[in-house]
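S.K.: Okay, handing you the structure first.
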Amino acid sequence: MPTLDEELFPSTPGKFKIEQRSYGINRQFYRFFASTSTMFLWALFLIALTVSYLSFQSFVDSGTRYLSASWGGLQWEKQVRTSAEITRSGGMSVLVTGASGFVGTHVSLALKRRGDGVVGLDNFNNYYDPSLKKARKALVNRHGVFVIEGDINDARLLDKLFDIVAFTHVMHLAAQAGVRYAMENPHSYVHSNIAGLVTLLEACKSANPQPSIVWASSSSVYGLNEKVPFSELDRTDQPASLYAATKKAGEEITHTYNHIYGLSITGLRFFTVYGPWGRPDMAYFSFTRNILQGKPITVYRGKNEVDLARDFTYIDDIVKGCLGSLDTSGKSTGSGGKKKGSAPYRIFNLGNTSPVTVPALVNILEEHLKTEAKKNIVDMPGNGDVPFTHANISSARIEFGYKPTTDLRTGLKKFVRWYLSYYGYEHGTPVN
Ligand SMILES: O=C(O)[C@H]1O[C@H](OP(=O)(O)OP(=O)(O)OC[C@H]2O[C@@H](n3ccc(=O)[nH]c3=O)[C@H](O)[C@@H]2O)[C@H](O)[C@@H](O)[C@H]1O
């Protein structure tokens, strides 16, 4: 008597034939029946095999996802909750994306210091030295801010975070930064500044309660605008780089989420932010490194030999602008993905209002470092740079009292002091 397995999945057609013979069926009918049944059983066998393969694959997939995730578990959830705890009356709980970036680090520390709850999120990508990002993470961690290693494109992670904490605010600073790098790696800008932004907004729109969102746009949206100083009402439809185009797209995308879902949104156009714990890809940082190492620096020059200029803005002023924006952001009105009424949609320039030329920046660094730079002066390549930036900040001043107080000389002095200490220099010579 065959077992059920043997009946459904005969190991060889011969075996099947032998069993059929014992029933004494007509030979022709038997042949027809045998071949049809065999085909049927083989088909069954193949279907079963495919189904088991697919279930195994999905098991492996979910297993891999689970294993590779660096988040989850009771202990992890406890860390998230503790980090989000508010310790002042009327405080907020803020999810800070890009929390181990330059601005994210400073904003996280400032929020925590005044008693707000802060949970950080950062993907620690290698656009620039990830060890600097890890050092920033350790810094905020010492002050009670837990930074999760994860990407804003990870919708499951974002949903989980909103399940654990009813964030009142999101400070969205995660982005692919850098104007000129967009020619080298265009897709990283789409990944973070467009796709990641939409994934984050989707999570925010579905959260209950919906948080208010403040996020980093950029002075680069003014592109080829020639009207100075740049006002929020000026045209921003002539971006000069893909970076600028993705930030401009972010402004349009956030507007639709405000309009459809009642999310409160504030976009901040940062003007060339600099300071301690800054970004090594930026000019002031890489110039400092090269000057100290005796290497040449390349100084770009605009059309007709006109010097390039930037409205360099010190990090502490930017932090005040970020906190002021969070404090005045107003509430989102929707819940569970449904709009209940209109919510604020705002855009502000956060600049310094006094542009400085790039050669003047180099002179200040030379003075602070007591070393002369080896300068290569070259015409600005057509790689997305704009000739100058200059912010009109009256909207931010009126709305939340934004008033930058640090000039470039003072700010660079603080940056140089930090740089020498962080990289182990003493009087211009590395300690080790
Ligand atoms: O406000 C912004 O929204 C942006 O600010 C910053 O962009 P930029 O203003 O271009 O700053 P940065 O690279 O420091 O170049 C400064 C000046 O040095 C010149 N420059 C640069 C490099 C070099 O080797 N030589 C040189 O002359 C260069 O031509 C320029 O004139 C952020 O990087 C960007 O992420 C975004 O936040």
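S.K.: For each of H187, H259, count neighbouring Cβ atoms within 10 Å of the residue's Cβ, then give the residues from fewest to most. Each step should come with its number before you reach the end.
M.R.: Numbers: H187 11, H259 14.
By the 10 Å Cβ count, ascending: H187, H259.
S.K.: Stretch N304-R409 to full length: gain in nm at 0.36 nm per residue minus the Cα-Cα span? Intermediate results must be reported in sequence, preceding the final value.
M.R.: Working: separation 105, 0.36 × 105 = 37.80 nm, distance 2.72 nm.
Full-extension gain reported as 35.1 nm.
S.K.: Within the set K137/K247; K227/K340; K133/K414; K247/K370; K134/K331; K227/K247, which residue pairs have Cα atoms separated by over 30 Å?
M.R.: Numbers: K137/K247 25 Å; K227/K340 39 Å; K133/K414 19 Å; K247/K370 38 Å; K134/K331 33 Å; K227/K247 20 Å.
As for pairs spanning more than 30 Å Cα to Cα, those are K227/K340; K247/K370; K134/K331.
S.K.: How many angstrom lie between the Cα centre of the stretch 257-305 and the Cα centre of the stretch 74-153?
M.R.: 22
S.K.: Still on this structure, please answer the following. Please order D163, D317 by the number of other Cβ within 10 Å, starting at the fewest. Walk me through the numbers before you get to the answer.
M.R.: Numbers: D163 10, D317 22.
Ascending Cβ contact count within 10 Å gives the list D163, D317.
S.K.: How much length, in nm to one decimal, is gained on full extension between K370 and R88, taken as 0.36 nm per residue of separation minus their Cα-Cα distance? Don't skip to the end; give the middle numbers.
M.R.: Working: separation 282, 0.36 × 282 = 101.52 nm, distance 4.48 nm.
Contour length minus Cα-Cα distance gives 97.0 nm.
S.K.: So if R0 is 35 Å, what FRET efficiency would A195 and R235 give, r being the distance between their Cβ atoms, rounded to the nearest 0.05? Present the calculation step by step, with values, prior to reporting the outcome.
M.R.: Values: r = 26 Å, r/R0 = 0.75.
Once the sixth-power term is evaluated, E becomes 0.85.
S.K.: In addition: When E77, E252, E367 are ordered from fewest to most other Cβ atoms inside 10 Å of their Cβ, what list results? Kindly include the intermediate steps, with their values, before the conclusion.
M.R.: Working: E77 16, E252 9, E367 13.
Ascending Cβ contact count within 10 Å gives the list E252, E367, E77.
S.K.: OK, next. Could you derive backbone 3J(HN,Hα) for the stretch 384-389 from the dihedral phi with the Karplus parameters 6.51, -1.76 and 1.60 (θ = phi - 60°), listing whole Hz in sequence and x where the residue is Gly or Pro?
M.R.: x, 5, 10, x, 7, 9
S.K.: May I pose another question? Under 5 Å between amide hydrogens, which residues at least 5 positions from L350 or on another chain qualify, with H placed 1.01 Å from N in the peptide plane?
M.R.: Those qualifying (amide H under 5 Å, at least 5 residues apart or on another chain) are R269, F270, F271.
S.K.: Next up: Mind jotting down the three principal axis lengths of the stretch 300-432 based on Cα atoms? Whole angstrom, largest first.
M.R.: Sorted largest first, the three principal extents are 60, 42, 28 Å.
S.K.: If you don't mind, another one. Compute the length gained on full extension between D159 and D327: take 0.36 nm times their separation in residues and subtract their Cα-Cα distance, giving the result in nm to one decimal. Don't skip to the answer; put the middle values down first.
M.R.: On the way: separation 168, 0.36 × 168 = 60.48 nm, distance 2.44 nm.
Separation in residues times 0.36 nm, less the Cα-Cα distance, equals 58.0 nm.
S.K.: What number comes out for the charge environment of Y128, summing +1 per Lys or Arg and -1 per Asp or Glu over other residues with Cβ under 10 Å away? Intermediate results must be reported in sequence, preceding the final value.
M.R.: Values: positive: K133, R279; negative: D129, D281.
With Lys, Arg at +1 and Asp, Glu at -1, the net is 0.
Only the coordinates and a few stated rules stand behind these numbers; no lab work does. A quick note: this is a predicted structure, and the numbers were derived from the prediction, not measured. Neighbour counts are summed over all protein chains in view; Cβ atoms, including those assigned to glycine, are modelled from backbone coordinates with ideal geometry.
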